[in-house]
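Presented below is the structure to which this report refers.
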Amino acid sequence: MPTPPPTGPLVTRDTLAADLRRLGVETGETLLVHSSLSSLGWVNGGAVAVVRGLLDALGPAGTLVVPTQTGDQSDPAGWENPPVPEQWWDRIRATMPPYDPLVTPSLGVGVIPETVRTWPGALRSAHPQTSFAALGPRAREITEGHAPDCRLGERSPLARLEKLGARVLLLGAGYDSCTAFHLAEYRIPAPRVEVGRPAPGGGWETVVEVSITSDRFDALGHDFERDRPVVRGGVGGADARLFPVADAVAYAERWLRLHRPREEDFPHPPA
């Protein structure tokens, strides 16, 4: 049975850049993009055309930032999708290649971030599990100094993006992918967890980190959009949203305390 033809819309580098400008993306700004290629329609040139369209809209003075996370750089005991047999765990830990920002591929964030990661001139932050890649004049400032024990907190690119007045672009992606909300988790009382991963020099290491979760981020995003100015529009066939990182973090700090309390977040009274 023949494959049916695409239903569109037909999206090109030029139409994408025009849609982004119409949405409100400004020349010279810094933009953190969460994206879904399939949501855009039939893109002539695929992810490469999308990245070129984003760079066209931002201009040479703008900086494009994407998450390039590597969730597989983690303890196999916690893998669920799919799990691996318990008898493999020790061997996986002993042989897992350590994170290398130049060659370790991103995982679970889509083809557009992976295209940015491999783009000529791209820089990538050093955290082995929650890195970001950036293109543009502020790329080094944003990606340098990502602390190995700070996934998405004060010593991560997110905090630098906040200070630089960057904005978030959700390009066919939902609020459940909005990493800016995680920065708020570092600013409220939060439990700590042990995180296992391959050590930079070989072997295995465990670090203590803030516990982060995207649970209820969709509900958080719904309320944020209701209460704060969020620019909405279409880019190709995708729904797009545009808003400041700082607004998202400040709103999430208040919302998470009220609507997503976690028992471990609060000190227990003395016995």
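Restricting the search to strands (runs of 3 or more DSSP E) fully inside region 203-263 and requiring at least 1 residues that are modelled with pLDDT of 95 or more, open to solvent by less than 50 Å² (accessible area, probe 1.4 Å) and among the aliphatic types (A, V, I, L, M) gives 231-235, 238-244. Taken over region 182-202, the criterion of being without any contact (Cβ under 8 Å) to a residue 60 or more places away in the chain and either part of a strand (DSSP E or B) or open to solvent by 30 Å² or more (accessible area, probe 1.4 Å) (or both) is satisfied by Tyr186, Arg192, Val193, Glu194. Taking each residue of region 2-23 that is free of Cβ contacts under 8 Å to residues at least 12 places away in the same chain and within 19 Å of Val51 (Cβ to Cβ) and looking for partners that are of a type in the set (A, V, I, L, M, F, W, C) and open to solvent by 100 Å² or more (accessible area, probe 1.4 Å) with beta-carbon atoms closer than 9 Å, six or more apart or interchain, yields nothing.
Do you know which residues across region 156-166 are farther than 15 Å from Val195 by Cβ and either part of a loop (DSSP other than H, G, I, E, B) or touching a residue at least 60 places away in the same chain (Cβ under 8 Å) (or both)? Pro157, Leu158, Leu161, Glu162, Leu164, Gly165, Ala166, listed by residue number. The residues on offer are Gly153, Gly78, and the sole one that is touching a helix residue (DSSP H, G or I) at 6+ places or on another chain (Cβ under 9 Å) and either under 28 Å from Gly237 (Cα atoms) or not aliphatic (A, V, I, L, M) (or both) is Gly153.
The residues of region 130-158 that are over 18 Å from Thr63 (Cβ atoms) and open to solvent by 20 Å² or more (accessible area, probe 1.4 Å), listed by number, are Pro148, Asp149, Arg151, Glu154, Arg155. Filtered by the rule that a residue be β-branched (Val, Ile, Thr) and either within 30 Å of Leu169 (Cβ to Cβ) or open to solvent by 60 Å² or more (accessible area, probe 1.4 Å) (or both), region 76-120 gives Thr95, Val103, Thr104, Val109, Val111, Ile112, Thr115, Val116, Thr118.
Those helices (runs of 4 or more DSSP H) of region 43-152 in which 2 or more residues are touching a Gly at 6+ places or on another chain (Cβ under 9 Å), over 26 Å from Ala184 (Cβ atoms) and in contact (Cβ under 8 Å) with a residue 24 or more places away in the chain occupy 46-58, 89-95, 111-117.
The values are calculated or read from the model by the stated rules, or taken from the named source; none is laboratory data. Worth saying up front: this structure is predicted, and the values here are computed from it rather than measured. Every residue, glycine among them, receives a Cβ derived from its backbone with ideal geometry; neighbour counts consider all protein chains shown. Surface areas here come from the heavy atoms of the whole protein model, side chains and all, with no ligands, DNA or RNA. Shrake-Rupley method; radii C 1.70, N 1.55, O 1.52, S 1.80 Å.
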